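Below you'll find the structure, written out as structure tokens, and then a few comments.
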Amino acid sequence: AQSVSQHNHHVILSEAASLELGCNYSYGGTVNLFWYVQYPGQHLQLLLKYFSGDPLVKGIKGFEAEFIKSKFSFNLRKPSVQWSDTAEYFCAVRTNTDKLIFGTGTRLQVFP
Amino acid sequence: EAGVVQSPRYKIIEKKQPVAFWCNPISGHNTLYWYRQNLGQGPELLIRYENEEAVDDSQLPKDRFSAERLKGVDSTLKIQPAELGDSAVYLCASGDRVKNTEAFFGQGTRLTVV
């Protein structure tokens, strides 16, 4: 069965620290990849997406992610986090049958 | 343009009672998803529609859950009867398969069964 794994359940950082959140998926076919963010009290919002082309994609608020096909990974990165990045982050995979599967999420807390 | 609209935002019911959630997707979006999100977990798909057809309902507990999307626009998700374990946030999302967009989510309905 298709699945998405997020290795970090809870990450605590100080402002200006670098961030990398892991995401691996299990599906052998063509995929679209997404990172969504959920700020406290708000709905899920798209952070960035990968459909094809350059495997390094840039999203909003300085976030980027790299698709490594051989590792079935789509890790999220940000060189310097801010307090306002405190949120829950979800990796998602859409299969070629349009099934959209989410990981369990990573809670990020950034302290000033 | 308005995003995905869900109502109600919150619902508290006693167990064994019925409950219904409503979703109005973004205009023109043919794909509609219902997800359930338990506390500390990621969204889990319940059902996906393409227009008015349910194309993936394999995760929908059909003994108590039902959904419909009449005319391929608005959708309702119903639980009858509700159980304590149904307490969760129910999320609706929509997307445009033709334009290959991402899924856009509503605010969700937080259900508490007591």
Can you give me the ranges of the strands (runs of 3 or more DSSP E) entirely in the stretch A:1-90 with at least 3 residues that are at pLDDT 95 or above? A:10-14, A:19-21, A:32-38, A:45-50, A:56-58, A:64-68, A:73-78
Looking only at the stretch B:43-54, count every residue that is surrounded by fewer than 17 Cβ atoms within 10 Å (Cβ to Cβ) and among the aromatic types (Phe, Trp, Tyr) and tell me the total. 0
Residue that is farthest from A:GLN38 (Cα to Cα) [pool: residues in the stretch B:1-25 that are within 13 Å of chain A (Cβ to nearest Cβ), of a type in the set (A, V, I, L, M, F, W, C) and surrounded by 15 or more Cβ atoms within 10 Å (Cβ to Cβ)]: B:CYS23
Among the residues of the stretch B:90-101, count how many are surrounded by fewer than 19 Cβ atoms within 10 Å (Cβ to Cβ) and either over 29 Å from A:ASN32 (Cβ atoms) or in contact with a Leu (Cβ under 8 Å, 6 or more places away or on another chain) (or both). 0
Which numbered condition in (1) assigned to a strand (DSSP E or B); (2) within 23 Å of A:ILE101 (Cβ to Cβ) is the only one that B:LYS62 fails? (1)
Could you please tell me which pairs satisfy a Cβ distance under 7 Å, a separation of 6+ or placement on different chains, a first residue in the stretch B:60-87 that is of a type outside the set (Ser, Thr, Tyr), and a second residue that is assigned to a helix (DSSP H, G or I) and surrounded by 14 or more Cβ atoms within 10 Å (Cβ to Cβ)? B:ILE79/B:ASP86
Is the stretch B:55-64 home to any residue that is surrounded by fewer than 15 Cβ atoms within 10 Å (Cβ to Cβ), basic (Lys, Arg) and at pLDDT 95 or above? yes
I'd like the full set of residues that are part of a loop (DSSP other than H, G, I, E, B) and either under 14 Å from the mean Cα position of the chain (by Cα) or surrounded by 14 or more Cβ atoms within 10 Å (Cβ to Cβ) (or both), limited to the stretch B:65-82. B:ARG69, B:VAL73, B:ASP74, B:PRO81, B:ALA82
Please enumerate the residues belonging to the stretch B:26-35 that are part of a strand (DSSP E or B) and either modelled with pLDDT under 95 or within 11 Å of another protein chain (Cβ to nearest Cβ) (or both). B:THR31, B:TYR33, B:TYR35
Can you name the residue in the stretch A:55-112 that is among the hydroxyl-bearing types (Ser, Thr, Tyr) and more than 14 Å from every other protein chain (Cβ to nearest Cβ) and is also nearest to A:TYR39 (Cα to Cα) among such residues? A:THR86
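Can B:GLY40 be described as within 14 Å of chain A (Cβ to nearest Cβ), over 14 Å from the mean Cα position of the chain (by Cα) and loosely packed, with under 13 Cβ neighbours inside 10 Å?
Working: within 14 Å of chain A (Cβ to nearest Cβ): yes; over 14 Å from the mean Cα position of the chain (by Cα): yes; loosely packed, with under 13 Cβ neighbours inside 10 Å: yes.
So B:GLY40 fits the description; yes.
The values are calculated or read from the model by the stated rules, or taken from the named source; none is laboratory data. These numbers were taken from a predicted model, which means no experiment stands behind them. Glycine gets a Cβ as well: all are built from the backbone with ideal geometry, and neighbour counts include every protein chain shown.
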